Amino acid sequence: QVQLAESGGGLVQPGGSLRLSCAASGTPFSIKGMGWYRQAPGKQREPVAVIISGGSAVYADSVKGRFTISRDNAKNTMYLQMYSLKPEDTAVYYCHVVTYYGSDYWGKGTLVTVSS
């Protein structure tokens, strides 16, 4: 099994930056793919950025050029660097992984609030 713990959320002004972290424990060597999702109040959860097989990253159109996803295998940690934050980026951000065994896991989420 894989346990995920997000951190780094908080309150930031429009135009500001934040870096989210997702630390994996348990059996992180079984992780095939990782990504960040978010859920804004009253909306469905949506993908933000995903690292797919081969290490390529795929981004939602709404965050392209502003967010960067990365993974540090030595630390079993995934990051989401967010720049030029907008009020519409306000959401709970979740870490998600898929394993080679076909299982998937979610973190508990970290709240990002973009407001002046």
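The values are calculated or read from the model by the stated rules, or taken from the named source; none is laboratory data. Quantities reported herein were computed from a predicted structural model and do not represent experimental measurements. Neighbour counts are summed over all protein chains in view; Cβ atoms, including those assigned to glycine, are modelled from backbone coordinates with ideal geometry. What goes into the accessible areas is simple: the full protein's heavy atoms, side chains included, and nothing from ligands, DNA or RNA. Shrake-Rupley method; radii C 1.70, N 1.55, O 1.52, S 1.80 Å.
Worth pointing out:
- Of the residues making up region 18-30, those that are part of a strand (DSSP E or B) and more than 12 Å from the chain's Cα centre (by Cα) number 3.
- Tabulated pairs, region 1-14, first closer than 15 Å to Lys75 by Cβ and aliphatic (A, V, I, L, M), second open to solvent by less than 60 Å² (accessible area, probe 1.4 Å) and in a loop (DSSP other than H, G, I, E, B), C-beta under 7 angstrom, 6+ apart or interchain: Val2/Thr27; Leu4/Gly107; Ala5/Gly107
- For region 94-115, a tally of residues being hydroxyl-bearing (Ser, Thr, Tyr) and either at pLDDT below 95 or within 17 Å of Ala57 (Cα to Cα) (or both) returns 6.
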